[in-house]
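*Asks:* Starting off with a structure, shown below.
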């Protein structure tokens, strides 16, 4: 860069490039100037992200474009890799929920539940998990599914310039986050589902709180439907864009709403039921258009189905009031209890009084279980749940110790991003944003 | 597996005759039941002592503890449920392709096999086929294409590192689902650390592309025939493979209210 005159582009500096092919490298600057200097070259490689508002986080897209047509699209990931799986190998099985909840931060309850179901399978206590704990898990997961889909629809709309869709989506999600806060004390990163059950029962009056929120959520979903489903601009932007047929989905392991938009009603809740899903009454909506528009319709439809399940959960919660929410085996059940005090949620004073003032054995038991954790028999399991983005798998391996020997999460976002190439190549540059939004990747889950 | 040291070179590895778990009492000599191709439980490690403390006086009384870590061994017929039928069909299809079943599948593991309530098959049992690496692609093709098997959906590959499992240090685990029949099974392939090569399955399951890249990135397993085996999560020039057990977790001591909390991998361990 010895030249004193300003230039928007510069030739590649390395010798590794074929000198026969002219190349220019631009980073920022005015597009007109770049285009003028690269005149005659139609084929341009554009790097989109990892800091880009429409890549749902830190996704990097490398696009080779010819005019307005994308000829090649590749993803670069790893910008949010935090080594959660490695960290889990150094904490107890119970502490693992605190880590895996942070993977896909828009759907924390799914990682928690999948991981806890896997742990319970290794322990051999799957059938001993109390019914009320399973009901609460299902309730939280289905509310979470609605919240996650609302972010998908909201941000997807925002990326196409429909700001109102975004504001309505996030307002509706806020109603659900308030419910989460009432139960777990947190809006995200809950660590509420624990091996053997859940951390504590839902607070008193929670069923009424959910019943009060449901009509509001329904109203917002109705508004989103009104804004999107019959909007000619919206439909023109999404119809026949990002098509991925059934063969493509199966080859690329794509599951969730993208797979169901091809017409295959594959849903883990129906195919391999867990947490008692076989006893709930709900439908698996499908479509056959296999494009971005049908995925929007399916996500909205799934929100209504989830609310159906939520209502069934509420009835069951009332029927099982007072029932335990943790396995009876005291060698596994978390000894500490939580309670809502004057200054918010904290340790139960009754439990503190018991272990500090009444029973030495209870104190030893509490201390051993909390610091050391419980031992899990050696072996390996595979447990999947229906995540908002597809099939979430947990491969848990135990060596008989108090920590996971290996905990691998098959995150649906990670897998589904492989479909970006086939969905975008041959389409317009502007459609890349639409196609990626219809996959709904969350980079916290992708990179883990 | 941070707790306890393990027998180094030259230390005889005790092999239990009937190991049901890591805490099954008696130890006997003789190793005909374990190791690659064996039918008994797979001993992946032998743990000594407790609490991960060594080189200091043993005040706990646990210093002499020896615990073999055994993963479930080969299952006995009947495997239960659809497992018998699927294994038989797989043997037929492999034989038609000119591959002997016993060469391709080293052992069939059903875990947990026994039903705690009665004599029937355990409803939570999972089927694992330990496959020889040279026949991995043939087994995958048979599982995917035969109409009675139809494991058409691959849910990826994950790696596990057993540093003490001599000659079988690196395991790759494939999770297959049959949407048609509503079944799932697991393939496990073990390779030595000195020769960490596996055939790629991307020609059969294109979805394994990124999963194999991830397993290469984190464990250093080389998938021969992969279209572009580059690192995926770590930077391209990263040294080492972070999910291996010999790769440190890292971390620094944290001071909190005057006390110092050591990094997680240097804390007392109970395993």
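The values are calculated or read from the model by the stated rules, or taken from the named source; none is laboratory data. The shown structure was predicted, so the numbers you read here are calculated from the model rather than taken from an experiment. In this analysis, Cβ positions are derived from the backbone assuming ideal geometry, glycine residues included, and neighbour counts consider all displayed protein chains.
*Asks:* Considering each of A:329, A:283, A:350 in turn, give the residue that is surrounded by fewer than 19 Cβ atoms within 10 Å (Cβ to Cβ), in contact with a helix residue (DSSP H, G or I) (Cβ under 8 Å, 6 or more places away or on another chain) and over 28 Å from residue A:211 (Cα atoms).
*Replies:* A:329
*Asks:* Exactly one condition in (1) crowded, with 22+ Cβ neighbours inside 10 Å; (2) closer than 22 Å to residue A:399 by Cα; (3) more than 10 Å from every other protein chain (Cβ to nearest Cβ) is not met by residue B:193; state its number.
*Replies:* (1)
*Asks:* Restricting to the stretch B:206-240, count the residues that are without any contact (Cβ under 8 Å) to a residue 60 or more places away in the chain, crowded, with 18+ Cβ neighbours inside 10 Å and within 11 Å of chain A (Cβ to nearest Cβ).
*Replies:* 13
*Asks:* Report yes if residue A:331 is within 14 Å of chain B (Cβ to nearest Cβ) and either modelled with pLDDT of 95 or more or assigned to a helix (DSSP H, G or I) (or both), otherwise no.
*Replies:* So residue A:331 fails the test.
*Asks:* Hey, another quick one. Given the stretch B:84-190, what strands (runs of 3 or more DSSP E) lie entirely inside it while holding 1 or more residues that are within 9 Å of chain A (Cβ to nearest Cβ) and surrounded by fewer than 18 Cβ atoms within 10 Å (Cβ to Cβ)?
*Replies:* Hits in the stretch B:84-190: none.
*Asks:* Which one of the conditions (1) without any contact (Cβ under 8 Å) to a residue 40 or more places away in the chain; (2) assigned to a loop (DSSP other than H, G, I, E, B); (3) touching a strand residue (DSSP E or B) at 6+ places or on another chain (Cβ under 9 Å) does residue B:201 fail to meet, given that it meets all the rest?
*Replies:* It is condition (1) that residue B:201 fails.
*Asks:* Give the residue, chosen from A:122, A:117, that is buried (at least 22 other Cβ atoms within 10 Å of the Cβ), at the interface with chain B (Cβ under 10 Å from one of its Cβ atoms) and within 21 Å of residue B:160 (Cα to Cα).
*Replies:* A:122
*Asks:* To continue, here is another question. Looking at the stretch A:136-148, can you tell me whether even one residue there is within 14 Å of another protein chain (Cβ to nearest Cβ), assigned to a helix (DSSP H, G or I), touching a residue at least 60 places away in the same chain (Cβ under 8 Å) and crowded, with 24+ Cβ neighbours inside 10 Å?
*Replies:* Scanning the stretch A:136-148, I find no residue that is within 14 Å of another protein chain (Cβ to nearest Cβ), assigned to a helix (DSSP H, G or I), touching a residue at least 60 places away in the same chain (Cβ under 8 Å) and crowded, with 24+ Cβ neighbours inside 10 Å, so the answer is no.
*Asks:* What pairs come out if I take residues in the stretch A:360-374 that are in contact (Cβ under 8 Å) with a residue 60 or more places away in the chain and pair them with residues that are surrounded by 15 or more Cβ atoms within 10 Å (Cβ to Cβ) and in a helix (DSSP H, G or I) whose C-beta lies under 9 Å away, six or more apart or interchain?
*Replies:* Close Cβ pairs satisfying both conditions: A:374/A:123.
*Asks:* Has the stretch B:67-78 got at least one residue that is loosely packed, with under 15 Cβ neighbours inside 10 Å, modelled with pLDDT under 85, over 28 Å from residue B:198 (Cα atoms) and in contact with a helix residue (DSSP H, G or I) (Cβ under 9 Å, 6 or more places away or on another chain)?
*Replies:* Scanning the stretch B:67-78 turns up at least one residue that is loosely packed, with under 15 Cβ neighbours inside 10 Å, modelled with pLDDT under 85, over 28 Å from residue B:198 (Cα atoms) and in contact with a helix residue (DSSP H, G or I) (Cβ under 9 Å, 6 or more places away or on another chain).
*Asks:* Quick one: count up the residues across the stretch B:248-270 that are within 30 Å of residue B:208 (Cα to Cα) and facing chain A (nearest Cβ under 8 Å).
*Replies:* 1
*Asks:* When only residues in the stretch A:376-397 that are within 10 Å of chain B (Cβ to nearest Cβ) and out of contact with any strand residue (DSSP E or B) (no Cβ under 6 Å at 6 or more places or on another chain) count, which is surrounded by the most Cβ atoms within 10 Å (Cβ to Cβ)?
*Replies:* That would be A:390.
*Asks:* Confirm whether residue B:80 is farther than 16 Å from residue B:143 by Cα and part of a loop (DSSP other than H, G, I, E, B).
*Replies:* yes
*Asks:* Does the stretch A:257-268 hold any residues that are touching a helix residue (DSSP H, G or I) at 6+ places or on another chain (Cβ under 7 Å), surrounded by fewer than 20 Cβ atoms within 10 Å (Cβ to Cβ) and within 27 Å of residue B:124 (Cα to Cα), and which are they?
*Replies:* A:264
*Asks:* May I ask you to list the residues in the stretch A:56-70 that are outside any strand (DSSP E or B) and either modelled with pLDDT of 90 or more or loosely packed, with under 14 Cβ neighbours inside 10 Å (or both)?
*Replies:* A:67, A:68
*Asks:* Given the residues A:371, A:402, which is the only one that is modelled with pLDDT under 90, assigned to a helix (DSSP H, G or I) and surrounded by fewer than 24 Cβ atoms within 10 Å (Cβ to Cβ)?
*Replies:* Matching residue, one of A:371, A:402: A:371.
Residue-by-condition table, conditions (1) modelled with pLDDT under 95; (2) surrounded by fewer than 23 Cβ atoms within 10 Å (Cβ to Cβ); (3) over 21 Å from residue A:436 (Cα atoms); (4) within 13 Å of chain B (Cβ to nearest Cβ):
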| residue | (1), (2), (3), (4) |
| --- | --- |
| A:237 | yes, yes, no, no |
| A:245 | yes, yes, no, no |
| A:255 | yes, no, no, yes |
| A:271 | yes, yes, yes, yes |
| A:278 | yes, yes, yes, yes |
| A:315 | yes, yes, yes, no |
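*Asks:* Given the criteria surrounded by fewer than 23 Cβ atoms within 10 Å (Cβ to Cβ) and touching a helix residue (DSSP H, G or I) at 6+ places or on another chain (Cβ under 9 Å), does residue A:81 qualify?
*Replies:* Here the answer is yes, as residue A:81 does meet what is asked.
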